[in-house]
Amino acid sequence: MLGLAIGFLLTALLYSLAGFGGGSTYNALLVLAETDYQILPAIALACNIIVVTAGVSQFLIAKRMRLYDVAPLCILSAPAAWIGGRIHIPETLFIGMLGATLLIAGILMFIDPAEPKTPEPGRRRLILPMTIGGGIGFLSGLVGIGGGIFLAPFLHLVRWGRAHEIAGAASFFILVNSLTGLWGQLAKLGDTEKLGPLASYWPLPLAVLAGGVAGSFLGARKLPAGAIKKVTGVLILTVAVRLLMKTFA
């Protein structure tokens, strides 16, 4: 458990620096630690919530995020994450989907989008982001991630807003999807009587709390975000390859 807790702490540290929660990597670490695949999405989502709550608070306090702008992105994603969390899937499919998710997420870490002009709040494009958000939310609940790592590049692509606005939207999106996805996962675990084993993983939320606080503190001091994203991307790709090898071995 100590090695797993250290891995969670470092993951939370790196992801909070880059503006994400780390759910996909928490899942991967749990898979590699031979954790029961049915309970690990709930653990990852709970840790996600801890890490991104501080980030969302900071964006709101700094007035760099407006809830009336970002809330529509979650209209479809929130219920979709709950539905995804309720669905039972075979272990091999779960690990394969998680590996593919990490592979795509790792590649996205190396993309540096250009800074777009900020659209007028009343003219933001919402229909397509809402629809895409629904699909990402379903995947989020299914495999235990927040989905912000997929939403952020899409919002840059459609020029939804400036970099800090998109970072705030991604953090809020992760928080909402993690909450509803966790709700679905816990309901599913209650049906299968697997809620009990979750208690033995109590060190992991404490580890991500420490890592998330440290990451937020260091991030506020303007560390080179581009370099941090690329280092995180290498780590994600390494874990993705290990998971895919495990799936097809």
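What the table below lists for this structure:
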item	result
Residue within region 57-78 that is under 16 Å from residue 140 (Cβ atoms), in contact with a helix residue (DSSP H, G or I) (Cβ under 9 Å, 6 or more places away or on another chain) and not in a helix (DSSP H, G or I) present	yes
Filter result (under 21 Å from residue 34 (Cβ atoms) and either among the aliphatic types (A, V, I, L, M) or not in a helix (DSSP H, G or I) (or both)) within region 185-214	189, 193, 194, 195, 198, 199, 202, 204, 207, 208
Filter result (surrounded by 15 or more Cβ atoms within 10 Å (Cβ to Cβ) and free of Cβ contacts under 8 Å to residues at least 60 places away in the same chain) within region 90-103	94, 97
Residue in region 98-145 that is modelled with the highest pLDDT, counting only those that are within 20 Å of residue 66 (Cβ to Cβ), not acidic (Asp, Glu) and not in a helix (DSSP H, G or I)	126
Residue satisfying all of: in region 6-27; among the polar types (S, T, N, Q) and out of contact with any Pro (no Cβ under 9 Å at 6 or more places or on another chain); farthest from residue 148 (Cα to Cα) among these	11
Hits in region 146-178 - residues which are among the β-branched types (Val, Ile, Thr) and modelled with pLDDT of 85 or more	174, 176
Contacts under 8 angstrom Cβ, first residue in region 25-45 being farther than 16 Å from residue 140 by Cβ, partner charged (D, E, K, R) and part of a loop (DSSP other than H, G, I, E, B), 6 or more apart	36/194; 38/194; 39/194
Looking only at region 51-74, and only at residues there that are of a type in the set (A, V, I, L, M), touching a Leu at 6+ places or on another chain (Cβ under 8 Å) and surrounded by fewer than 23 Cβ atoms within 10 Å (Cβ to Cβ), the one that is farthest from residue 202 (Cα to Cα)	67
Residue in region 22-50 that is nearest to residue 196 (Cα to Cα), counting only those that are small (Gly, Ala, Ser) and buried (at least 22 other Cβ atoms within 10 Å of the Cβ)	42
Subset of region 79-92 [assigned to a helix (DSSP H, G or I) and modelled with pLDDT of 85 or more]	79, 80, 81, 82, 83, 84, 85, 86, 92
Some residue of region 24-43 being modelled with pLDDT of 80 or more, in contact with a Cys (Cβ under 8 Å, 6 or more places away or on another chain) and over 16 Å from residue 99 (Cβ atoms)	no
Filter pass, residue 175 being assigned to a helix (DSSP H, G or I), surrounded by fewer than 23 Cβ atoms within 10 Å (Cβ to Cβ) and among the hydrophobic types (A, V, I, L, M, F, W, C)	yes
Total residues in region 41-93, condition basic (Lys, Arg) and within 30 Å of residue 246 (Cβ to Cβ)	1
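The values are calculated or read from the model by the stated rules, or taken from the named source; none is laboratory data. Computed from a predicted structure; not experimentally measured. Backbone-built Cβ (ideal geometry, glycine too); neighbour counts: all protein chains shown.
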